[in-house]
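Notes follow once the structure below has been shown.
Here, each number is a calculation from the coordinates, and none is a lab measurement. The structure displayed is predicted, hence computed values, not measured ones. Neighbour counts are summed over all protein chains in view; Cβ atoms, including those assigned to glycine, are modelled from backbone coordinates with ideal geometry.
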Amino acid sequence: MDAKIIGEITKIVGEENALTSLEDRRCYSYDARTDGAVPDMVVFPSSADEVSKILILANRYLFSVIPRGQGTGLTGGSVPIRGGVVLVFTRMNRILEIDTKNLIAVVEPGVITYVFQEEIAKYGLCYPPDPASYKYSSIGGNVAECAGGPNSLKYGVTRDYVIGLEVVIPTGEILNVGVRTMKGVVGYDLTRLFVGSEGTLGVITKINLKLIPLPESKATTLALFKKVEDTAEAVSAIIASKIIPSTIEFMDKASIRCSEQANPMGIPEDIEGLLLIEVDGDSISIESQAEKIKAVLVQHNASDIKLTRDPKEADKLWQARRVVSQATYNLNPVKIAEDVVVPRSNIPNLIRFLERLQKKYGIPILSFGHAGDGNFHVSIMIKETPEDRKKAEEAVREIFSETIKLGGTLSGEHGIGTSKAAYLGMELSPEVINTMKKIKNLFDPNNIVNPGKIFPV
Ligand SMILES: Cc1cc2nc3c(=O)[nH]c(=O)nc-3n(C[C@H](O)[C@H](O)[C@H](O)COP(=O)(O)OP(=O)(O)OC[C@H]3O[C@@H](n4cnc5c(N)ncnc54)[C@H](O)[C@@H]3O)c2cc1C
């Protein structure tokens, strides 16, 4: 990028908010999964107006602009494919308003999810979307990916809490879409279009969020199973019994062993499946729900069941699940992580399929995740060798193919980014992809904002 353009952008954000050294720029060339190109420049805007000016320049000089929250994404969404300017939102991190009368908050995109949740809890309020990365991820990144988490089973995902947005579209216009009310059907629902658009349709600069009252109490159950099939069947049975827990998290044997190595909880070697189940609400109803769930677990041969309503004890029960993502690296240095979703009645079929796949390829394939939603984080752990890479690529294709066969979808929460773009056609028809490309082209005729994401290049 030539020095004149860098100079013009620097003038917009101020010298102290622009990085141009190679060392600094290199730090913005990867996310939690993907290595990409080094950007030409990294800037930290402080307002929609600054973002708009940068996008107007981008259209004039035809450089790419890549929005970035905290870089915890798992599909390369915030990673440049060929230089350009990375916009980082760490300076736009204010909670602008908490409206306790209408249960609404207005935030800037750089607010850390956990910081926001802690702040509104002081008012007895709750913002349920809770990706496992919530202590580090930004709300802007959550909105762009439509993040979900353990709570999604009962409370839904980010999309269900975003009621309005301020977005700078790629041509530089600042749009205010959506509402500050609980209802609103005036015109097309552009808010929903931007949620989950992975920063390809515009840059989010303000977010109106719906809040709910903080649940009064919780009960947490940890159940261990000697057969993974029983574990999977128990998930389907809980859902079929018409109890909706706030959370049902699953871990298979390989995940449990990994987690035990990193953080021993004394889970016996012969355990093949673990479920962590939470119900929340008023104390009387959670008591009866927890008891019903216990009965289903017993019916499905759970060999050990621990139930607590004490938050500190619950925190201990969560340990195995909490450490597992990082612990997988004890097996092998490279992780290929997918987050497929299947209808909940097909969970046992998916688990059986993954077991067979692990045997077929002879590489560790672990699965854990939000079983209550049918959403599994399948982690293929490999050595950095061409042979392992090839096996992993074939395994991924088989996993996606089986997921579609089971009536599922390729990604529940991590998005497509660059890492899954090649597989888009496995799920979407050419007509659907073409319609999506037309929408992208309408907002971004010069393909300025986050090029190379979602659609295969
Ligand atoms: C250990 C771990 C666990 C995780 N667990 C979960 C989980 O349980 N559930 C889940 O959903 N995800 C999970 N993730 C993935 C990731 O944390 C989420 O996708 C999160 O929403 C990304 O937020 P971020 O601020 O890091 O965004 P980034 O990674 O910086 O960006 C993500 C995408 O958002 C776009 N973007 C960021 N800010 C803006 C903006 N202001 N305007 C427009 N576009 C923008 C970027 O261009 C990119 O496409 C996990 C990641 C890790 C590392």
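Just rank E260, E216, E249, fewest to most, by other beta-carbon atoms within 10 angstrom.
So the ranking, lowest neighbour count to highest, is E216, E260, E249.
Evaluate the charge dipole of the chain about its Cα centre and quote only its size in Debye, nearest 20, assuming +1 on the Cβ of each Lys and Arg and -1 on the Cβ of each Asp and Glu.
Here the size comes out at about 520 debye.
When DSSP assigns beta bridges and you keep just the ones with both residues in the stretch 3-88, what percent turn out antiparallel, to the nearest 5?
30
Restricting the calculation to Cα positions, tell me the Rg (one decimal) and the Dmax (whole number) of the chain in Å.
In order Rg, Dmax, the Cα atoms of the chain give 22.4, 71 Å.
How would you rank M426, M1, M92, going from fewest to most other Cβ atoms within 10 Å of each one's own Cβ?
Fewest-to-most Cβ neighbours within 10 Å comes out as M426, M1, M92.
Binning at 5 Å from 0, report for the stretch 95-213 what percent of all alpha-carbon pair distances ends up in each bin.
In whole percents, the pair-distance histogram is 2, 12, 23, 26, 21, 10, 4, 1, 0.
For the stretch 79-178, build the charge dipole from Cβ charges (+1 Lys, Arg; -1 Asp, Glu) around the Cα centre, then report which of L96, L125, Y114 sits farthest towards its positive end.
Y114
Highest mean first, how do 154-164, 181-191 rank when packing is the count of other Cβ atoms within 10 Å averaged over residues?
Result, highest mean Cβ count within 10 Å first: 154-164, 181-191.
Calculate the spin-label point distance for D2 paired with E313, positioning each point 7 Å from the Cα along the beta-carbon direction, and give it in nanometres.
Label at E313, label at D2, 7.0 nm between them.
Mind putting a number on the dipole of the stretch 377-427 about its Cα centre? Charges go on the C-beta only, +1 for Lys and Arg and -1 for Asp and Glu, and I need it in Debye to the nearest 20. Working shown, then result.
Values: 7 positive and 9 negative charges, 10 e Å.
Once rounded to the nearest 20, the dipole reads 40 debye.
Given charges of +1 on the Cβ of Lys and Arg and -1 on the Cβ of Asp and Glu, with all other atoms neutral, how large is the dipole of the stretch 3-88 about its Cα centre, in debye to the nearest 20? Write out the running numbers ahead of the final one.
Details: 9 positive and 10 negative charges, 56 e Å.
The dipole of the stretch 3-88 has a size of about 260 debye.
Quick one: if the Förster radius is 45 Å, what FRET efficiency do I56 and E393 give, using the C-beta to C-beta distance and rounding to 0.05?
Details: r = 41 Å, r/R0 = 0.91.
Rounded to the nearest 0.05, the efficiency is 0.65.
Within the stretch 201-235, what residues put their amide N at less than 19 Å from the label point 7 Å along the Cα-to-Cβ vector of S46?
In the stretch 201-235, the label zone of S46 (backbone N under 19 Å from the point 7 Å along Cα→Cβ) covers 205-206.
Residue farthest toward the positive end of the dipole of the chain, with Cβ of Lys/Arg at +1 and Asp/Glu at -1: which of T191, A371, V51?
T191
What list do you get for I104, I212, I66, I238 if you sort them by fewest beta carbons within 10 Å?
I212, I104, I238, I66
Quick check of the Kirkwood formula: for the stretch 19-135, what is the inverse mean of 1/r over all pairs of different Cα atoms, in Å?
Details: mean 1/r = 0.0639 Å⁻¹.
After inverting the pairwise mean of 1/r, the radius is 15.7 Å.
Got a sec? Charge dipole of the chain, +1 on Cβ for Lys and Arg, -1 for Asp and Glu; which of Y61, L209, A219 is way out at the positive end?
Most positive-ward Cα: Y61.
At 0.36 nm per residue, and after removing the present C-alpha to C-alpha distance, how many nm does the segment from N434 to R356 gain when stretched out fully?
The span from N434 to R356 would gain 24.5 nm if fully extended.
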